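Below is one structure, written out as structure tokens; the observations come after it.
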Amino acid sequence: MKAYIRKATDRLSIHPRSISNASFSLAGRRQALRIIAGLALPSVSTVAFATLGGASASSAPPPPTEQKIHPILKPLKINRGGKPTGFCIDVHAHIFNASDIDVVGFIRKDVGHKFVGDIERFIDGMALVAGELQNIEISAAKELGFLREIAEKMRGMSDVNIAKEMDGFASGKRDSIARDIAQAMTKHDGLIDLYKKLKREFYEQSQKAESKREPPKQATPIPGPTTFDEKTVLNAIDPARRIREYDRFTAGIPGVIPRFDPDGTFELVGHMLSYRWMNLRDYARFYTENNNAFGIDAMFASFVNFDRWLNIAGTSSQAEQMELHALLSKLSGGYMLPIVAYNPWTDIAEKDASFKLVQDAVLNHGFIGVKIYPPTGFFPYGNGSLHYPTSERHPPLDALDEKLLQMFSWCAKNNVPVMAHSAESNGRDAGSDTFGGPDGWKALLNRIGTTPPVIGSLAHFGGGESASMTAPNNWPERFAVMMASPQGKRLFGDLAFWDQMLDCSLPHDKCDVAKERLRTAFSKNVDLSKRLMFGTDWDMLSQVPRWDRYPTILVRNLRGIVLDLNAFLYENAMRCFGLENGGAQRSRVLNELSKVEGHLPEWLQFAPSVDGT
């Protein structure tokens, strides 16, 4: 029996120990084994699986050729008590994993380069751990096969039972990841001791901050950790466990202290080693389904292309990632809509392969936008004329501009938004942090002009934090001025990962600076309320304690600054991405979702019209 399970789980990328882990209930284990037993049969392309516990596969009739997709990842419900308006769209989220990128380079450089000392050493060590544990089992190709088969196997099951099955499987997988991380850390001298030190400092700093509240919180003091094992890691990478611990620490009072928490690095690494559907389920549970969730109705998830900026990802090709995100969108019933990655370096080296993937994703697979990541190696435009701010390697700068212009021009003509990281952060080095700023966007707008103008989504809208908070940059102000120009009339921005505004009830200089930067931007453009959108940047945001409270706390602290919350949370996103009734991209999206069982999600079904009705 053990050999049979191992063979089945090897094929489907399931750890046998995940199934037998103590976190599974006996019933959950039995159901998981029943699913695995079914999935070990021949592919659904040749044999129709019977429902769980039903007739044998050999006696089942072949499926109809036009059978619709069963949405096994659709949220069970949307909490209506959290948000202050009707609908909410998160325009900026991620669910990619370590097999999609050079995970060591990404964590070390994009995530860790701004830190020094013990924090930098800890992040470097965890980057190596993530690299050692990343393997073929979480590749896009493996996950595609798993999801296609399990979706068919669960056809006819209730939504509640499907969620139980999927969450039970995810729990077992998460236990396995925690065990692997803990074991791998023992092979890196001093890494566990470094974690304990940083965790003690986090508690000490946070408790001092809590004492400054009026009135002070009467929270249970939490001493620094004295032991370390797989449960330590599990308490960090399991969102529910991490949230419970932080609630105990803060006496359950909503609030977030934006300080470095090493458990946030654990959680990020945990997501990097998980299936993408597991990351989507975590998002849906804590932002949408739970009784205390904000009630996000939809999220737009982009994968990324860091090839050659870091190293080439060797496991999941960009085409497979595109195919998987298209399937995940349908399996979520349209709760998630996908955004495709673009990389000009790929186009230079591979004869426009990235541009062709963009066209295919948008025209044939329901993708609603393009994601670029300037801080890892280029300006949106002007590379040949602007000061190139890093000594890192790069291709010919004029060639970069040529490829970027081709992509931006096609997207403008086809009404496709291009989302770009536009904060002073997450570069390959400190110099690269400046690539996402206004200079490259100004060069792009001047080059393309108004026939038609670019649709741009300025991710992070200059960022809540800049390289120096004592002398912060003026990027939000400059972006606001661009938006008021004829060339910038289709520019939008999002406030994803403005974590400096997470707890403004304490005397935080960073919070005051972030608010003032936004107020200044609004003073330069009276129509800015029609251009800013809500975003989280999850799962990058998962590094922050109580990331689940981000929407609630951000909206609370935006009152008096962003005056039209309904536009911020919903309407601006519908306009930017052309999803209104009569919108430029709506028909393509509806065509893809027509392949899914059930009704359109309400946020899309009851969309406003282009004329505002």
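The values are calculated or read from the model by the stated rules, or taken from the named source; none is laboratory data. Because the structure is predicted, anything quoted here is derived from the model rather than measured. Because the Cβ atoms are built from the backbone with ideal geometry, glycine has one as well, and the counts that use them run over all protein chains shown. Only protein heavy atoms, including side chains, enter the accessible area calculation; ligands, DNA and RNA are left aside. Shrake-Rupley method; radii C 1.70, N 1.55, O 1.52, S 1.80 Å.
So how much slack lies between ASN446 and GLU66, counting 0.36 nm per residue of separation and subtracting their Cα-Cα distance, in nm?
Numbers: separation 380, 0.36 × 380 = 136.80 nm, distance 4.76 nm.
So the extension gain works out to 132.0 nm.
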Testing the spin-label approximation: label points 7 Å from Cα along Cα→Cβ at MET157 and ALA319. State their distance in nm. 3.2
I need the peptides 361-374, 134-147, 593-606, 77-90 ranked by packing, meaning the mean over residues of other C-beta atoms within 10 angstrom, with the highest value on top. 361-374, 134-147, 77-90, 593-606
Skip the ligands, DNA and RNA, and give the accessible area per residue of the stretch 465-613 with a 1.4 Å probe, whole Å². 39
Please list, or write none, the lysines whose alpha carbon is within less than 20 Å of the alpha carbon of LYS142, excluding same-chain residues fewer than 8 places away. LYS7, LYS153, LYS173, LYS330
In nanometres, what is the gap between the two model label sites at LYS530 and LYS164, each 7 Å from Cα along Cα-to-Cβ? 5.1
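Which length gain, in nm to one decimal place, applies between HIS188 and TRP410 when the Cα-Cα distance is subtracted from 0.36 nm times their residue separation? Write down the numbers at each step before the final one.
Working: separation 222, 0.36 × 222 = 79.92 nm, distance 4.82 nm.
Using 0.36 nm per residue and subtracting the Cα-Cα distance, I get 75.1 nm.
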Alpha-carbon Rg with Dmax, taken over the stretch 113-178, Å: 17.6, 55
Report, ordered by chain and residue number, the lysines lying within cross-link reach of LYS489, taken as a straight Cα distance under 30 Å and ignoring same-chain residues fewer than 8 apart. LYS83, LYS356, LYS371, LYS403, LYS413, LYS442, LYS515, LYS524, LYS530
Distance in nm between pseudo-label sites at ALA353 and ARG244 (7 Å out along the Cβ direction from Cα): 4.6
Would you mind putting 577-584, 492-499 in packing order, based on average other-beta-carbon counts within 10 Å, highest first? 492-499, 577-584
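Hey, could you grab the Kirkwood Rh for the stretch 141-192? Inverse mean 1/r over distinct alpha carbon pairs, Å, one decimal. If you can, show how the numbers build up before the last one.
Values: mean 1/r = 0.0747 Å⁻¹.
Averaging 1/r across every pair of different Cα atoms and inverting gives 13.4 Å.
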Packing-ranked peptide list from 172-179, 316-323, highest mean Cβ count within 10 angstrom first, is 172-179, 316-323
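How much accessible area per residue does the stretch 228-341 have, counting only protein heavy atoms and a probe of 1.4 Å, in square angstrom?
Numbers: 2660 Å² over 114 residues.
Normalised by residue count, the accessible surface of the stretch 228-341 is 23 Å².
May I ask you to derive the FRET efficiency for ASP611 and THR520 from their Cβ-Cβ distance with R0 = 45 Å, giving the value to the nearest 0.05?
Numbers: r = 33 Å, r/R0 = 0.73.
Efficiency for this residue pair is about 0.85.
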